[in-house]
Amino acid sequence: MVAAFGLGAGEEALEIAIRYSQQRIQGGGPLSDKQGYTHKLLVPNYVRMEGARSYIEYTSQRLDSGEHGLQTEGAIAKYGASEWGNKAADDAIQALGGYGYTKDFPVEKIKRDIKICCIYEGTSEVLEMTIYRGRWQEHLKSRGRYYLDMADRLDQVHAEEPKAGAHAAALSLRALAAVLEECRVQKLTRHQHVTFKLGKLICAAETAAIFSTAAAAKKYSETVRFDREGWQAMARVFAREAALNTALEGLALVQGAAETPGNLADAVNIEAVQAEQKGMIADMDLVAAKLKQTFKAK
């Protein structure tokens, strides 16, 4: 329930900002046509909310089928929707400028309401620890194969549908597996900060995997409000961001905690992750156009 609240509130705040941007004229044109506005405040946030939607539905379907033992998946669903929804509401206030801070628009109320999602029924910090503990055990039990096997499955998804971002998501998972293994070898999980940060990276990487898989499906959920072209572009943007953050932040995390860090840059395949960023701006342009098309100014 809390995850759904975070998702709905975050997307509602963004949709208000998207419609406002089409009516607000600055520098000779609407804000909705300016990359400095859309690519900073709207596109990244909406992409993350669609990633959260995919993971919430994935977890819900497994629960509806009678599956048990999904505490880690539930934590990922709530953490992602809460954190990304809170950021979306914050940026929606920024997107509306002074109006965003007043009661003329409801985004300020959404921001006040959504913040509680990061606190009750498990604070974000508790969820980071829950996510880390669950997946750390999987990493140990599988001798490091847990995310590598998931990445192998994404390779098959990419072979069948190369436009859904599965290749970037697989890179993110392989980088995550390398970071987890280096943390094991170096015994870095004795640092609480490391475990919290791992929980955050795990959430984004797993969400990228689920989002890309959903975007590659022949039939989408009825809750998806975008056409195939737009939703796959969103999945690609999310997966690229997850891959880059996992590789760079994971590398920095290990180097900051280990006394003698190994050559993790090769293990996270940083060159491939950087190469995967090609086409990012074009995809963000496409997502911005789809958002304007879907949420027209009233």
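The values are calculated or read from the model by the stated rules, or taken from the named source; none is laboratory data. Source: prediction; values computed, not measured. So basically every Cβ, Gly included, is an ideal-geometry build from the backbone, and we count neighbours across all protein chains shown.
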Worksheet entry | Residue satisfying condition, being of a type in the set (Ser, Thr, Tyr), surrounded by fewer than 17 Cβ atoms within 10 Å (Cβ to Cβ) and assigned to a helix (DSSP H, G or I), within set 195, 189, 213, 207 | 189
Fill in: Which listed residue, of 33, 64, is out of contact with any Asp or Glu (no Cβ under 8 Å at 6 or more places or on another chain), in the same structural domain as residue 101 (by TED's automatic domain parsing), free of Cβ contacts under 8 Å to residues at least 40 places away in the same chain and farther than 23 Å from residue 217 by Cα
33
Discussion item. Looking at the range 154-181, I want the residues that are on the phi > 0 side of the Ramachandran plot and have a partner that is modelled with pLDDT of 95 or more with Cβ atoms under 6 Å, at least 6 apart or on another chain. Which pairs are those?
Written reply: 165/212; 165/235; 165/236; 165/239
Fill in: Restricting the range 236-294 to residues that are acidic (Asp, Glu), more than 18 Å from the chain's Cα centre (by Cα) and more than 20 Å from residue 158 (Cα to Cα), the residue that is surrounded by the most Cβ atoms within 10 Å (Cβ to Cβ)
285
Worksheet entry | helices (runs of 4 or more DSSP H) wholly inside the range 247-298 containing at least 1 residues that are in contact with a helix residue (DSSP H, G or I) (Cβ under 9 Å, 6 or more places away or on another chain) and closer than 30 Å to residue 23 by Cα | 280-294
Worksheet item: Would the range 257-277 turn up any residue that is in the same structural domain as residue 163 (by TED's automatic domain parsing), modelled with pLDDT of 95 or more and either among the basic types (Lys, Arg) or under 20 Å from residue 15 (Cβ atoms) (or both)?
Response: no
Worksheet item: Do we have residue 184 as part of a helix (DSSP H, G or I), in contact with a His (Cβ under 8 Å, 6 or more places away or on another chain), of a type in the set (Lys, Arg) and touching a residue at least 12 places away in the same chain (Cβ under 8 Å) here?
Response: yes
Response to the item:
residue 91 passes all but one of the listed conditions (1) among the charged types (D, E, K, R); (2) modelled with pLDDT of 95 or more; (3) surrounded by fewer than 15 Cβ atoms within 10 Å (Cβ to Cβ); the exception is number (3)
Item to complete: Give the residues of the range 178-227 that are hydroxyl-bearing (Ser, Thr, Tyr) and under 20 Å from the mean Cα position of the chain (by Cα), sorted by residue number.
Response: 195, 207, 212, 213, 220, 221, 223
Worksheet item: Is it true that some residue in the range 81-104 is among the aliphatic types (A, V, I, L, M) and within 17 Å of residue 199 (Cα to Cα)?
Response: yes
Worksheet item: Quick one: residue 57 ticks every box in (1) part of a helix (DSSP H, G or I); (2) of a type outside the set (S, T, N, Q); (3) over 19 Å from the mean Cα position of the chain (by Cα) bar one, so which box is it?
Response: (3)
Worksheet item: Considering only the range 131-166, how many residues are among the basic types (Lys, Arg) and either touching a His at 6+ places or on another chain (Cβ under 8 Å) or assigned to a helix (DSSP H, G or I) (or both)?
Response: 4
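Yes/no per residue for (1) assigned to a helix (DSSP H, G or I); (2) in contact (Cβ under 8 Å) with a residue 60 or more places away in the chain; (3) surrounded by fewer than 24 Cβ atoms within 10 Å (Cβ to Cβ); (4) assigned by TED's automatic domain parsing to the domain that holds residue 223:
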site	(1), (2), (3), (4)
38	yes, yes, no, no
48	yes, yes, no, no
68	no, no, yes, no
73	yes, no, yes, no
76	yes, yes, no, no
99	yes, yes, yes, no
